[in-house]
Amino acid sequence: MGLYTGKGDSGTSALFESNKRLSKNSTVFDALGTLDELNSYLGLCKVQSRADSFRVGSRKVSHIVHELQDDLFIIQAELAGADKSISKQKVEKLEKIIEQIDSKLPPINTFFISGGTELSARFDFARTIARRAERKVVAVFESGYKISPDTLAYLNRFSSILYALARFANYQRGIDEDAPDYK
């Protein structure tokens, strides 16, 4: 098997253990594609966070991002029909990391304009992709696909950790967050 099979040339594809072919434009493939986009973009965040060598406690931010990427593969497998899903422990682990980052940052009193540092802006951009991915997965769930409650909760926390990491990247560089002036 090479880099292509030719099976999808007619605009259809199949999920795990299914002989039924679906349109590549279906909600499930839209969600899978958005999760893939998020995972790919997180690769850029990981590379840059590796260069900046930031840590949350004893853990390198690049290692945290790698774990997030790994977890996205679990979610994609679940959506594609594999017997996999995110565990409640993974949701709780994500919450602990968010709380650990948040405890080091000033309180949030307003929205912030993205772009304090390049890494912060990348995490903010990844956050917007994560929110879109969450909406797409919810649409798949609402269309009748079985998706675990922990996977849905994890996706809801996913954008929160990216927001925390964006703020943390600015904080680590001593960059103040700019609020919109609404003028």
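Nothing in this text is a laboratory measurement; each read-out follows from the coordinates by a stated rule. Every value quoted in this text rests on a predicted model; they were computed, and no experiment measured them. Glycine gets a Cβ as well: all are built from the backbone with ideal geometry, and neighbour counts include every protein chain shown.
How would you rank R132, R127, R59, going from fewest to most other Cβ atoms within 10 Å of each one's own Cβ?
Fewest-to-most ranking of R132, R127, R59: R59, R132, R127.
Calculate for the chain the 222 nm mean residue ellipticity that helices alone would give, adding -39,500 (n - 2.57) per DSSP H run of length 4 or more and normalising by residue count, nearest 500 deg cm²/dmol. Walk me through the numbers on the way to the answer.
Details: 5 runs with 109 residues, N = 183.
So the helix-based figure for the chain works out to -21000 deg cm²/dmol.
For G116, enumerate residues with amide H under 5 Å from its amide H, sequence gap 5+ or separate chain, H modeled in the peptide plane.
Amide H neighbours of G116, under 5 Å, 5+ apart: A121.
Quick one: which of K46/K84; K20/K136; K84/K104; K96/K183; K20/K93; K93/K146 span more than 32 angstrom between C-alpha atoms? Could the numbers behind the result be given before it?
Values: K46/K84 25 Å; K20/K136 21 Å; K84/K104 34 Å; K96/K183 37 Å; K20/K93 37 Å; K93/K146 23 Å.
Those over the limit are K84/K104; K96/K183; K20/K93.
Once you order the gyration tensor axes a ≥ b ≥ c over the Cα atoms, which shape class does region 47-94 get: rounded for a/c under 1.5, otherwise prolate or oblate by comparing a/b with b/c? Kindly include the intermediate steps, with their values, before the conclusion.
Details: a/c = 5.49, a/b = 1.98, b/c = 2.77.
Judged from the Cα gyration tensor, region 47-94 comes out oblate (a/c at least 1.5, b/c at or above a/b).
Quick one: Karplus J couplings for region 168-183, per residue in order, coefficients 6.51, -1.76, 1.60, θ = phi - 60°, nearest Hz, x for Gly and Pro?
5, 4, 5, 4, 5, 9, x, 8, 6, 7, 9, 8, x, 9, 6, 8
Calculate the dipole size of region 38-183 relative to its Cα centre from +1 charges on Lys and Arg beta carbons and -1 charges on Asp and Glu beta carbons; express the result in debye to the nearest 20. Can you show the working numbers first?
Values: 22 positive and 19 negative charges, 44 e Å.
Rounded to the nearest 20 debye, it is 220 debye.
Please arrange F29, F123 by counting, for each residue, the other beta carbons lying within 10 Å of its beta carbon, fewest first. Intermediate values should be presented prior to the final figure.
Details: F29 19, F123 29.
In increasing order of surrounding Cβ atoms, one gets F29, F123.
If you build the Cα gyration tensor of the chain and take the root of 5 times each eigenvalue, what three semi-axes come out, in whole angstrom, biggest first? It would help to have the intermediate numbers written out before the result.
Numbers: eigenvalues 214, 56, 53 Å².
Semi-axis lengths for the chain are 33, 17, 16 Å.
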